[in-house]
Amino acid sequence: MATAAEKEGVVLLDFWVSPFGQRCRIALAEKGVEYEYKEENLSDKSPLLLKMNPIHKKIPVLIHHGKPICESLVIVQYIDEVWSNNPLLPSDPYERAKARFWADFVDKKVSECGTRLWKLKGEAHEEARKDMIEILKLLEGELGDKKYFGGEIFGFVDVALAPFTAWFYTYETCGKFSIEKECPKLTAWAKRCKERETVSKSVHHPHKVYEYVGKLKKKYGVE
Amino acid sequence: MAGGQELKLLGLWESPFVVRSGIALNLKRLGYEFLEEVPGTKSELLLKSNPVYKKMPVLIHNGKPICESMIIVQYIDKVWAAAGPSILPSDPHDRAIARFWAVYIDDKWFPSLLKIVRAKADDEEEKAEAAEQVIAGLQLLEEAFEKCSKGKDFFGGQTVGYIDIALGCYLGWLKAAEKMAGIKLLDKEKIPLLVGWAERFCSADAVKEVMPEADKLVEFAKLLRGTQNVAAPN
C-alpha cells in the first residue's frame, strides 16, 4: 500500500537549518502535500544530491516523480504551479511582479548580509550592521500595515522571508541592535508567521540557529 | 501603442538587462516609448520608479513600475499572453528548468564575463582566467541547449523563449569581450550548438533592432572603465 508521500512522488533533499530548504517545507505544508524529507550531510553529500544537482551540488532539491528542481524560489514557484490550492503568488500580473521582486530582494540581500554580520569584524561588521537595518527597514516599508506581505494571504514573499525570522535573534545579537525597535511591524509579522503551523513545524527555534552559527564561527576561526 | 495602454522602458541599450525587456516587448509586438538614460547619471524618473536598486531597466505600464529584467519578461509574457508565442514553457517542470538556468546565467556565469570586460587592458592573466570560466559555463549551457531545444532552433523550441532571452541578451557583450581579451569565447569547436543558436538568435526579428554591436560596446566599456555603471544583474 503506497503511503501518501509515495503517491505524491515528492522527495525533498534538505539540511535542517537551511532557510532555503525551509521555504520549500513551508510551501509544501501550505499546499498540504505529503513528501519524503531527506536530511543531507553537507560534508558528505549523497550520490542522489550530486546526481540531482550536479551544477551546484546544493540543497534544497525537490524531486518530483524522479525529476529534480533546484533553487529554492524556483522550487516554491513550481510547487505553487503544480498544486493550485492556496495560491502563493497573486493572480494579478502587477502584484505577481511585485511579489517576485520582493522575494528576489530577500534572496539577494538577507542571507549575504547576515553572513557578513556574524563573520566579519571592525569596520566591515559595522557596515554589515547598517546594511541589515536598512534591508529590514525596506522590508518593513513594503509590509506596511498588512497582515502578511501577501495581504490577507500568506504568500510568496512571506514564504521567502519566514525562515529568516529564526535568524533575527542571531542578527540582533551579532549586530547588537533590536529588530523590534528598528522594525516593529516586521517583528509583529514574524510573530504571526510563527503562529502558523506550516512555519512553526518547518523552522527551528532561534536559539538553535544561534548555536549553529556559533559552531560555524568556531569552524571559520571567528571570535 | 499596445491597445491604448501606455508602455515606457527606461534604460540604455548597452545594458543586456534592458535588451531583455526590449526583446520581450518585440516578441509581443508591443509599441513603447524608450526613455534613454544618460550614462553615468540616473534620471529622476528612474530613481522614483526603482527606489530600492536605482537601476535599469524599469518598465512603466500605465504609470506602474516593474523592475528586475527577468521579472519584467515574465510580466510581459503574462499580460500579453495572447499577443505572441509564450516566452515561458507551459509545462511546470520545463518552467522550473528555464528559471534555474536564468538564475545560473546571472549569478554564476555573468560575473566571469563582467571580469573580462572590467579587466585592465594589460592584465592578461585576469582576462585568461575569466575567459576559462566563461567557456566552462558555456559548455554547461551547450548541454542545456541540447536538452531544452530538442533539435529545434532555440532553447524555447521553435520560438525565442525564456532561456534564450536570459542568455542571448549577453551576446553583444560576449563578442565585445572576445575583442577586449583577444580570446575566442563563441568557439565552434567547443560549443557548436550554441554558436549556431547565437547566429539565429541575433538574426531574429525581435532581437535584431535591440542588440548592440560589439564594436560600440568596446567603446562604451572604455568610457565606463573604473566606474560601477556596467551593472550587476537586475
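The values are calculated or read from the model by the stated rules, or taken from the named source; none is laboratory data. On a predicted model such as this, the values are computed, not experimentally measured, just so you know. Neighbour counts are summed over all protein chains in view; Cβ atoms, including those assigned to glycine, are modelled from backbone coordinates with ideal geometry.
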Take B:ARG95 and decide whether it is buried (at least 22 other Cβ atoms within 10 Å of the Cβ) and on the phi < 0 side of the Ramachandran plot. no
Which one of these is surrounded by 20 or more Cβ atoms within 10 Å (Cβ to Cβ), in contact with a Pro (Cβ under 6 Å, 6 or more places away or on another chain) and more than 24 Å from A:GLU142 (Cα to Cα): A:VAL61, A:VAL82, A:VAL10? A:VAL61
Taking the range A:47-77 and keeping residues more than 10 Å from chain B (Cβ to nearest Cβ), assigned to a loop (DSSP other than H, G, I, E, B) and within 27 Å of A:GLY114 (Cβ to Cβ) leaves A:LYS57, A:LYS58, A:ILE59, A:PRO60
Does B:ILE60 satisfy being more than 9 Å from every other protein chain (Cβ to nearest Cβ) and touching a residue at least 60 places away in the same chain (Cβ under 8 Å)? no
So for the range B:65-84 (the condition being more than 11 Å from chain A (Cβ to nearest Cβ), under 21 Å from B:THR159 (Cα atoms) and assigned to a loop (DSSP other than H, G, I, E, B)), does at least one residue qualify? yes
Any residue in the range A:44-68 that's at pLDDT 95 or above: show its pairings with residues that are small (Gly, Ala, Ser) at Cβ separation under 7 Å, as long as the two are six or more apart or on different chains. A:ILE59/A:SER18; A:ILE59/A:GLY21; A:PRO60/A:SER18; A:PRO60/A:GLY21; A:PRO60/A:SER72; A:HIS64/A:GLY9; A:HIS65/A:GLY9
Search result, residues across the range A:78-95 that are part of a helix (DSSP H, G or I) and more than 7 Å from chain B (Cβ to nearest Cβ): A:ILE79, A:ASP80, A:GLU95
Residue under evaluation A:GLU6, criteria (1) modelled with pLDDT under 95; (2) acidic (Asp, Glu); (3) out of contact with any strand residue (DSSP E or B) (no Cβ under 9 Å at 6 or more places or on another chain), criterion not met: (3)
Within the range B:165-190, residues under 18 Å from B:ASP107 (Cβ atoms) and in a helix (DSSP H, G or I) come out as B:ILE165, B:ALA166, B:LEU167, B:GLY168, B:TRP173, B:LEU174
Hey, among the residues in the range B:1-55 that are assigned to a loop (DSSP other than H, G, I, E, B), aliphatic (A, V, I, L, M) and within 27 Å of B:LEU223 (Cβ to Cβ), which one's modelled with the lowest pLDDT? B:VAL38
For the range A:157-223, give me every one of the helices (runs of 4 or more DSSP H) that falls completely inside it and has 2 or more residues that are basic (Lys, Arg) and surrounded by fewer than 17 Cβ atoms within 10 Å (Cβ to Cβ). A:184-195, A:206-219
Return the only residue of A:GLU134, A:GLU126 being more than 10 Å from chain B (Cβ to nearest Cβ), more than 26 Å from B:SER69 (Cβ to Cβ) and part of a helix (DSSP H, G or I). A:GLU126
Write out, first by first residue and then by second, each pair whose Cβ atoms fall under 8 Å of each other, whose residues are 6+ apart or on separate chains, and whose first residue, in the range B:30-41, is touching a residue at least 60 places away in the same chain (Cβ under 8 Å) while the second is part of a loop (DSSP other than H, G, I, E, B). B:PRO39/B:LEU12; B:PRO39/B:GLU14; B:PRO39/B:ASN229; B:GLY40/B:THR227; B:GLY40/B:ASN229
Here the residues within the range B:193-218 that are more than 16 Å from B:TRP173 (Cβ to Cβ), of a type in the set (A, V, I, L, M, F, W, C) and touching a residue at least 40 places away in the same chain (Cβ under 8 Å) are B:LEU193, B:TRP197, B:ALA204, B:ALA206
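Results for (1) touching a Lys or Arg at 6+ places or on another chain (Cβ under 9 Å); (2) under 27 Å from A:LYS201 (Cβ atoms), shown as yes or no for each residue.
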site	(1), (2)
A:LEU88	yes, yes
A:ALA99	no, yes
A:GLY114	no, yes
A:GLU126	no, no
A:TYR148	yes, yes
A:GLY151	no, yes
A:ALA166	yes, yes
Right, A:LEU138: under 25 Å from A:HIS204 (Cβ atoms) and of a type outside the set (Gly, Ala, Ser) or not? no
Test set (1) crowded, with 22+ Cβ neighbours inside 10 Å; (2) within 14 Å of chain A (Cβ to nearest Cβ); (3) among the aliphatic types (A, V, I, L, M); (4) in contact with a Phe, Trp or Tyr (Cβ under 9 Å, 6 or more places away or on another chain) - B:LEU167 fails condition number: (2)
Keeping to the range A:16-43, report how many residues are part of a loop (DSSP other than H, G, I, E, B), surrounded by fewer than 17 Cβ atoms within 10 Å (Cβ to Cβ) and free of Cβ contacts under 8 Å to residues at least 60 places away in the same chain. 5
The condition of being of a type in the set (Gly, Ala, Ser) and in contact with a strand residue (DSSP E or B) (Cβ under 7 Å, 6 or more places away or on another chain) holds, among A:GLY141, A:GLY155, A:GLY150, only for A:GLY155
Working carefully through the options B:TYR32, B:TYR75, find the one that is of a type in the set (Ser, Thr, Tyr), closer than 21 Å to B:ARG99 by Cβ and surrounded by 15 or more Cβ atoms within 10 Å (Cβ to Cβ). B:TYR75
